[in-house]
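Chemist: Here it is, the structure in full.
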2 protein chains.
Amino acid sequence: MEPTTLTLVGAPPQGVSAEEFKAVFRHHPAGVAVVTLRTPDGPVGFTATSVISVSADPPILAFSLAASSSSRPAVEGAESLVVNFLAAGQQDVAARFARRGVDRFATTTWATLPTGEPVLAGTTAWVRGLVEERVPVGDSMLVTVRAVRADRGGTDRPLTYVDRSYHRLDEHSRLG
Amino acid sequence: MEPTTLTLVGAPPQGVSAEEFKAVFRHHPAGVAVVTLRTPDGPVGFTATSVISVSADPPILAFSLAASSSSRPAVEGAESLVVNFLAAGQQDVAARFARRGVDRFATTTWATLPTGEPVLAGTTAWVRGLVEERVPVGDSMLVTVRAVRADRGGTDRPLTYVDRSYHRLDEHSRLG
């Protein structure tokens, strides 16, 4: 179609506030993962809704981590980690690994890989990878990870997060 | 719970093939965006399911782009771009902006910002931003973008993509 020039109503652009930016991404859906690591002080894990595939060959994924995250020291010190892709029904796991001041592993079934990293049970898949780069971006860090082992779980039904709610995707949510 | 050591069945890890890696991410849900840019040859746009928020203050997002993408030269030459967050119902727009050899803008309602970039109609939101970094990662590129203008649309119902299908998230898909 022929374009029209858009008239922007309101004040001229003055940048985007953190609140405005968060409001846009609040309505951007995402799969839910828990990133787990081994540290000298025990297992560490945190919920991440920013895991993306970057490159398939070589297989590299990325996620972002805020400076304020309690898991930041663990990620900065890690050579390897596991990305656990949560299944529909694991919303309690997602909530627990996003909570401060609790033993996040206490109520979750998990195991230890021969290489030492924790891996959660009941997920759609997990990927073990080697940390490649930690790129400082604003108040956060973009972490790239090269996959060295991937394991599909017993279910393909993933957990989805949007607008502070968890959702299930199935034939009922499917469009056309 | 107490961890158990996981017994990994099968051959020892030999890395992860591109096919295995793609299979994991095929089941990882994502919101759907169309990235649009102005070029000397006209408007360019492509569908992206890898848009994530990296930092809120300053407001920075990121997405990945494969080396093989026909839009790569446009992104490499761009100083600014628009991320259009698609709404449920815009699956035809998503499919069209992922198709090669067609005029992607031909059947879509769009406008031109005073700064020159195309912006699509009917989305949940759009963000205009300045390209900050293009980080080569494997066979792809991670692009970080600092938001300078954000505009929320008339709907909060986003489009979600998983396993080659589009989905709608609403009260029916919501989990407990």
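Chemist: Using amide H atoms built 1.01 Å from N in the peptide plane, name the residues 5+ places from B:Glu132, or on other chains, whose amide H lies under 5 Å from its own.
Modeler: Amide H neighbours of B:Glu132, under 5 Å, 5+ apart: B:Thr144, B:Val145, B:Arg146.
Chemist: Please name whichever of A:Ser53, A:Ala88, A:Ala147 sits farthest to the positive end of the charge dipole of segment A:25-152, dipole taken about the Cα centre and charges placed at Cβ: Lys and Arg +1, Asp and Glu -1.
Modeler: A:Ala88
Chemist: Report the net charge of residues surrounding A:Ala74, where surrounding means a beta-carbon distance below 10 angstrom and charges are Lys +1, Arg +1, Asp -1, Glu -1.
Modeler: Residues close to A:Ala74 contribute a combined charge of 0.
Chemist: Here's another thing I want to ask about it. List the distances, in nm to one decimal, from the label point of A:Leu130 to the label points of the same position in every other copy, shortest first, placing each label point 7 Å from Cα along the Cα-to-Cβ direction.
Modeler: Shortest to longest, the spacings are 3.7 nm.
Chemist: In whole Hz and in residue order, list the ³J(HN,Hα) couplings for segment A:108-123 that follow from phi through the Karplus curve 6.51 cos²θ - 1.76 cosθ + 1.60, θ = phi - 60°; x for Gly and Pro.
Modeler: With coefficients 6.51, -1.76 and 1.60, one gets 10, 7, 8, 9, 10, 5, x, 7, x, 7, x, 9, 8, 8, x, 8 Hz.
Chemist: Which distances, in nm and shortest first, link the A:Glu171 label point to the same label point in every other copy, taking 7 Å along Cα→Cβ?
Modeler: Going from nearest to farthest copy, the values are 2.4 nm.
Chemist: Quick one: label points 7 angstrom along Cα→Cβ at B:Ser68, distances to the other copies in nm, smallest first?
Modeler: Copy-to-copy label distances for B:Ser68: 4.1 nm.
Chemist: Return the distance in nm (one decimal) between the two label points of a simple spin-label model at A:Ser69 and A:Arg157, each offset 7 Å from Cα along Cα→Cβ.
Modeler: My value for the distance between the label points is 2.8 nm.
Chemist: Return the chain A residue and its Cβ-to-axis distance, rounded to the nearest Å, for the rotation relating A to B.
Modeler: A:Ser173, 2
Chemist: Under the Karplus relation 6.51 cos²θ - 1.76 cosθ + 1.60, θ = phi - 60°, what is the ordered set of whole-Hz ³J(HN,Hα) values for segment B:59-66, x standing for Gly and Pro?
Modeler: The phi angles translate into x, 10, 10, 9, 8, 10, 9, 6 Hz.
Chemist: Something else about it: Suppose each label sits 7 Å from its Cα in the direction of the beta carbon; what would the B:Glu79-A:Val102 distance come out to in nanometres?
Modeler: Result: 4.9 nm between the two label points.
Chemist: What's the center-to-center distance, using Cα atoms, between segment B:14-63 and segment A:142-176 in Å?
Modeler: Centre-to-centre (Cα) distance: 15 Å.
Chemist: Right, something else. GNM on chain B, C-alpha springs below 10 Å: top fluctuator among B:Ala18, B:Ala125, B:Ala147?
Modeler: Among B:Ala18, B:Ala125, B:Ala147, the largest mean-square fluctuation in the Gaussian network model of chain B belongs to B:Ala18.
Chemist: Per-residue HN-Hα couplings for segment A:159-176, Karplus 6.51 cos²θ - 1.76 cosθ + 1.60 at θ = phi - 60°, whole Hz, x for Gly and Pro?
Modeler: 8, 10, 10, 7, 6, 6, 10, 9, 9, 10, 9, 7, 5, 6, 8, 5, 9, x
Chemist: Then there is this: Determine how large the accessible area of B:Glu79 is when every protein chain is in place; take a 1.4 Å probe and give Å² rounded to the nearest 10.
Modeler: Roll a 1.4 Å probe over it and B:Glu79 shows about 150 Å².
Chemist: On to the next question. About the Cα centre of chain B, how large is the charge dipole given +1 on each Lys and Arg Cβ and -1 on each Asp and Glu Cβ? Please answer in debye to the nearest 20.
Modeler: The dipole magnitude comes to about 400 debye.
The values are calculated or read from the model by the stated rules, or taken from the named source; none is laboratory data. Everything numeric in this text was worked out from a predicted model, so none of it was measured. Counting neighbours? That spans all protein chains shown, and the Cβs are built from the backbone with ideal geometry, glycine included. The accessibility values were calculated without ligands, DNA or RNA, using every heavy atom of the protein model including side chains. Shrake-Rupley method; radii C 1.70, N 1.55, O 1.52, S 1.80 Å.
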